[in-house]
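Just below is one structure, and these are the notes that go with it.
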């Protein structure tokens, strides 16, 4: 069984983020050492005041001593300002760098990663965990280093001042350090569990708020309140256990430190009364003893923070170490611009990682000519949407090859591949922002004139122009302020602006009312010519006039042809058509 890593080792990855700022770190350390040295020198000044000022009764001597004291005070204040600013800057800067690095890595991960890892958990690592690191880097580490210097400097000066009394204080140090190490290991484990429970809370909140209309429609508020309360209580109980251990740690430190100081006071007071040591020596020694005690107390507090930071670092580095299953080719090929968008599947088979024994796509071979319009139909679970995922390289097939213009999609860069494809999904993904930003999502460098032209081509211009701020209108989360048909036309405008060679339409009109469907269909009719178009459809009435229909069942391509051919040759297609057309009152059109 492997031994658990120490806190220092687990925090080592953070050093890579600190390296670019070595000069600021050096200046911060200088300021830290300077302020610690000034603070320690005050003890010798205190000894001088008592023995040479109070004891001699000289006002001049006392005045000179106080001048020195005020000089030290201003030096301490200036050094503290510099240290605080530099260290706080480092905490904010490094935390920002970590957040950017983690986000840049996570957003490039293969989409299947997010099917098994909750988005709320990832968000918690990007926010809560990085905030913990910010506190540690921007405050706790500085406090720890300063107090370590103060501790050892205080110990040395205690021995210089009075070796006998120093021995009493030093004797108690092991009584403090060993409990700190033992309890600290438990705190570290609990800190990780506490952060996991907080992530659970955030995940549940995000999920319910995103689906708030469904929550209200089903009067599910009370149940959700109860479930959320359970998540929150579990987080509280875990945090409470961690707090108990940290409290026990502080208690041990206080008892041992104050106990040793009490013993020191008794021995030191006895020596002063007997004339063995001067009052100034005792005053200086007490000052250093207080510094040592305060330093140990601060270190014990910081130790708990470092334990939490180690847990946060583990979770963040775990994200950074996750490798994408989709690898970029070492020497990528490039598509010839506007060659046409011919597509072929050659004996393609694909199994989802969660279902390794069931083929989602099974030995599919088909050739699609450039500019051809293809409908993909079949029962639910037939593998239609999986084909789109494979074309976009959200997954790679375990067997077979997918080619665009005779180039294996695995041999071109992901950017080059996806630049040639636009998808209009059944539920369009709109983002928080205004209309213009959502249309421009397909082509970030597009001019305003190009955005306006795309909106007109998608028949979205008419409703956009009656919005409160037209193209600058804020749409809310997920475009919640728009109707389904309006959101769909924004998604089509995005695809128009991208001007792709391959157009993927995934049930683009199935969830719309008749009028919205008519408008969206008009937009699609403008978008499709001159492009290779694949249309996933459940409603066969919408795809009867495409060049070819591919019929899928259980991941296999079982039939191919136009509407009339499939009616005559495929019992499954004829049954689907009969059900749909008769139910919609179009039975007479079945053979037209």
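The values are calculated or read from the model by the stated rules, or taken from the named source; none is laboratory data. What you see is a predicted model, and the numbers here were worked out from it, not measured in a lab. Virtual Cβ from ideal backbone geometry, glycine too; neighbours counted across all protein chains shown.
Values for this structure:
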quantity	calculated
Members of the stretch 348-358 found to be over 21 Å from residue 504 (Cα atoms) and assigned to a strand (DSSP E or B), listed by number	351
Residue in the stretch 437-462 that is surrounded by the most Cβ atoms within 10 Å (Cβ to Cβ), counting only those that are part of a loop (DSSP other than H, G, I, E, B) and without any contact (Cβ under 8 Å) to a residue 24 or more places away in the chain	447
Number of the exception - residue 429 against (1) assigned to a loop (DSSP other than H, G, I, E, B); (2) at pLDDT below 80; (3) at positive phi	(3)
Condition met for residue 369 (in the same structural domain as residue 549 (by TED's automatic domain parsing) and modelled with pLDDT of 85 or more)	yes
Residue under evaluation residue 357, criteria (1) farther than 30 Å from residue 543 by Cα; (2) in the same structural domain as residue 398 (by TED's automatic domain parsing); (3) in contact (Cβ under 8 Å) with a residue 60 or more places away in the chain, criterion not met	(3)
Residues of the stretch 481-495 that turn out to be in contact with a helix residue (DSSP H, G or I) (Cβ under 6 Å, 6 or more places away or on another chain) and either outside the structural domain of residue 448 (by TED's automatic domain parsing) or not in a helix (DSSP H, G or I) (or both), as a count	0
Count of residues meeting criterion [within 20 Å of residue 20 (Cβ to Cβ) and surrounded by fewer than 18 Cβ atoms within 10 Å (Cβ to Cβ)] in the stretch 83-92	4
Unmet criterion (only one of (1) touching a helix residue (DSSP H, G or I) at 6+ places or on another chain (Cβ under 6 Å); (2) modelled with pLDDT of 80 or more) for residue 540	(2)
Looking only at the stretch 359-383, and only at residues there that are touching a strand residue (DSSP E or B) at 6+ places or on another chain (Cβ under 7 Å) and not in a strand (DSSP E or B), the one that is nearest to residue 335 (Cα to Cα)	370
Residue 171 being more than 30 Å from residue 237 (Cα to Cα), touching a helix residue (DSSP H, G or I) at 6+ places or on another chain (Cβ under 9 Å) and either crowded, with 21+ Cβ neighbours inside 10 Å or modelled with pLDDT under 80 (or both)	yes
Candidates 285, 236 - the one that is on the phi < 0 side of the Ramachandran plot and in contact with a helix residue (DSSP H, G or I) (Cβ under 7 Å, 6 or more places away or on another chain)	285
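Yes or no, residue by residue, for (1) more than 30 Å from residue 13 (Cβ to Cβ); (2) without any contact (Cβ under 8 Å) to a residue 60 or more places away in the chain:
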position	(1), (2)
317	no, no
333	yes, no
341	yes, no
346	yes, yes
389	yes, no
404	yes, no
